[in-house]
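Take a look at the structure below.
Just so it is clear, none of the values below were taken in a lab; they were calculated from the coordinates. A quick note: this is a predicted structure, and the numbers were derived from the prediction, not measured. Here the Cβ positions follow ideal geometry from the backbone for every residue, glycine too, while neighbour counts run over all protein chains shown.
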Amino acid sequence: FSRLTEGLARTSSRLAGGVSDIFTKKKLDEETLEELEDLLISADLGLAPTERVISRLRKERVGQDVTDEEVKAILADVISETLAPLEKPLVIDKANQPHVILVVGVNGAGKTTTIGKLAAKFTAEGHSVLLAAGDTFRAAAIEQLKVWGERTGAPVVTRPHGADAAGLAFDAIEEAKKNGHDVVLIDTAGRLQNRSELMDELAKIVRVIKKLAPDAPHDTLLVLDATVGQNAISQAKTFTDIAGVTGLVMTKLDGTARGGILVALGDQFALPIHYIGIGEGIDDLRPFDARDFAKALTA
Ligand code: GDP
């Protein structure tokens, strides 16, 4: 938990520090509520969660003395209540043989890194993992995935830079079936510049892997970078429209004061939040826990 608190320190100093600035023991009136509302919105928490905090304070505490700690406790409750229904571990179903996880998101969001961390985790849990370097548009992404393959011992299926990603995904499923890998993690290119091309490419990958594994992909993970703040909302809109996203991973919560965006995302999209990234290291991917996240954010 302390690693988490440390990782979320920039967001919590904005959020909890801001609350302390406003509520150093004074009576709760409309003016302080307005200040708090501005703070929560500027901290990317989203309109509806912000309103839930404000209306709870208004209902329960207006006209009374209130401390910053009490306000933080209410804030933590609202964050936790908003996100708790979305807590959902990513479960590998052995019956799938292989369980196919497609990983989508814009360039730089942290897809390749997240795949590497997941490969380490699943391998440690006894799974046999195969990686597919489906971001064939960037030579660096292929190389980076190979490094993660070496680090985790997971074989990596590659094709040359510029090759067809759907064909590569097909190869990967075929190889997994042949060699008994029970998890396949497929990286993809995240070029948002051309939405219809991206949509076509993702649709083609899905079409092609279904030829070998009709139920696949079993999970489609959207990786979102917390440092982009409100932009994460528009990315989530785009990818949920075009890619049939089944769950979220939010990365780089350690590098930003904009971690509140996860609350807005959860509130708006109601997608399961599987993991959060709080660093570049192999162990820096945490299963999402709403209560711990809320506590760390308001610490
Ligand atoms: P991709 O283009 O979506 O595959 O993104 P990458 O996996 O290449 O990640 C882009 C950069 O973000 C890399 O330098 C990663 O090390 C870094 N990164 C990914 N996840 C995290 C995280 O949780 N915290 C931090 N600080 N950096 C991260």
Among residues of region 114-129, those that are within 11 Å of residue 156 (Cβ to Cβ) and near the ligand (Cβ under 10 Å from one of its atoms), counted: 2
Number of the condition not met by residue 82 [criteria: (1) within 14 Å of the ligand (Cβ to nearest atom); (2) of a type outside the set (Lys, Arg); (3) touching an Asp or Glu at 6+ places or on another chain (Cβ under 6 Å)]: (1)
Elements of type helices (runs of 4 or more DSSP H) contained in region 1-62, each with 1 or more residues being touching a Cys at 6+ places or on another chain (Cβ under 9 Å): none
Among (1) surrounded by 20 or more Cβ atoms within 10 Å (Cβ to Cβ); (2) under 15 Å from residue 98 (Cα atoms), the one test that residue 126 misses: (1)
Which listed residue is touching a Ser or Thr at 6+ places or on another chain (Cβ under 6 Å) and within 16 Å of the ligand (Cβ to nearest atom), from 109, 132, 76, 141: 141
